[in-house]
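First the structure, in the form of structure tokens, and then the observations on it.
The values are calculated or read from the model by the stated rules, or taken from the named source; none is laboratory data. What you see is a predicted model; the values in this text were computed from it and never measured. Note that each Cβ is placed from the backbone with ideal geometry, even for glycine, and that neighbours are counted across all protein chains shown.
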Amino acid sequence: MNPEVGKQGADEPRQFVTTRWSLILSAVDAASGDQKARQALAELCRAYWRPIFSFVYRRGYSRADAQDLTQDFFVMILEGNWLEHADRNRGRFRSLLLKSLKNFLANAAERDRARKRGGDVEFVSWHDWMEPSTSFLPAQTLDSLSPERLFDHGWATTVVEHALRRLREEYESKGRLQLFHALKDYLTAERDEVSYSSLAASLGVAETAVKKQLHNMRERYRWLLRDEVAHTVADPADVEDEIRHLCGVLAAATE
């Protein structure tokens, strides 16, 4: 992720609509819980389950036990009274989820888990799981990260992956998938790392057209990244700080 993603273009919205996380927080005081808020919470959990599993696994549990604990943690989140304890002052979903997970694991040894692996709840498809950062980090670097840093790195890469997937889907829907594949590797590249002449030749268009298309794709990618982050903070004013944090996490992991 590039620090430039924190900047807004002239045509981008100045304010975000109510995010999924702020919707959840708004329902904390509801007497019986808000169904839309719980659906939003489930959506966020499904989107960001990989950092949770990675954290548990790195804490020394076997893969099977980490799967069990991750599943149980989500059951606790979605079926328990977790919303009642959500701290409005900790407006980042990432921060509150990690704090809750640490508390959950601290008490895990004292609990008999009600659900065993392969039980009546399958929150995610485990056969689709892969180390969350293998496309961004060499194995030796991944192995050196602490559980907390691995959690944040997994979170950051998930944000990037979601934004890239949305960008790809947009280009595919417009019949421009070839253009997406040709330019996607240059979304965060420096100017001197881009050979516009080579790209123009491969696409069969003028260099000026390539420059314009890459500029437009970068602008859209930045907006999608902001949108992904905005869904996990309660206050739109926190978006920039969260983006800077995630950029820093990715940059530090590659040093």
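Side notes on the structure shown:
- Leading residue by the ranking (modelled with the lowest pLDDT) among those in region 10-59 that are in a helix (DSSP H, G or I) and of a type in the set (Val, Ile, Thr): Ile24
- The numbered conditions (1) within 25 Å of the chain's Cα centre (by Cα); (2) outside any helix (DSSP H, G or I) are all true for Gly175 except (1).
- Cβ separations smaller than 7 Å between residues 6+ apart or across chains give the following pairs from region 224-250 residues that are touching a residue at least 40 places away in the same chain (Cβ under 8 Å) to residues that are hydroxyl-bearing (Ser, Thr, Tyr): Ala230/Thr19; His231/Thr19; Val233/Thr19; Ala234/Ser22.
- For region 189-200, the criterion of a residue being more than 30 Å from Ser26 (Cβ to Cβ), exposed (fewer than 14 other Cβ atoms within 10 Å of the Cβ) and touching a helix residue (DSSP H, G or I) at 6+ places or on another chain (Cβ under 8 Å) is satisfied by at least one position.
- Residues located in region 183-223, provided they are in contact with a Leu (Cβ under 6 Å, 6 or more places away or on another chain), of a type in the set (A, V, I, L, M, F, W, C) and within 19 Å of Val160 (Cβ to Cβ): Leu183, Leu214, Met217
- Between Ser62, Ser95, the distinction of being more than 27 Å from Ala252 (Cα to Cα), surrounded by fewer than 18 Cβ atoms within 10 Å (Cβ to Cβ), of a type outside the set (Lys, Arg) and at pLDDT 85 or above belongs to Ser62 only.
- Check on Glu84, acidic (Asp, Glu), under 20 Å from Val159 (Cβ atoms) and either buried (at least 16 other Cβ atoms within 10 Å of the Cβ) or at pLDDT 65 or above (or both): no
- Filter pass, Ala234 being surrounded by 16 or more Cβ atoms within 10 Å (Cβ to Cβ) and within 16 Å of Phe93 (Cβ to Cβ): yes
- In region 145-155, the count of residues that are out of contact with any Phe, Trp or Tyr (no Cβ under 6 Å at 6 or more places or on another chain), crowded, with 18+ Cβ neighbours inside 10 Å and acidic (Asp, Glu) is one or more.
- Checking region 240-248 against the condition returns no match, with no residue being in a helix (DSSP H, G or I), farther than 30 Å from Ser144 by Cβ and modelled with pLDDT of 90 or more.
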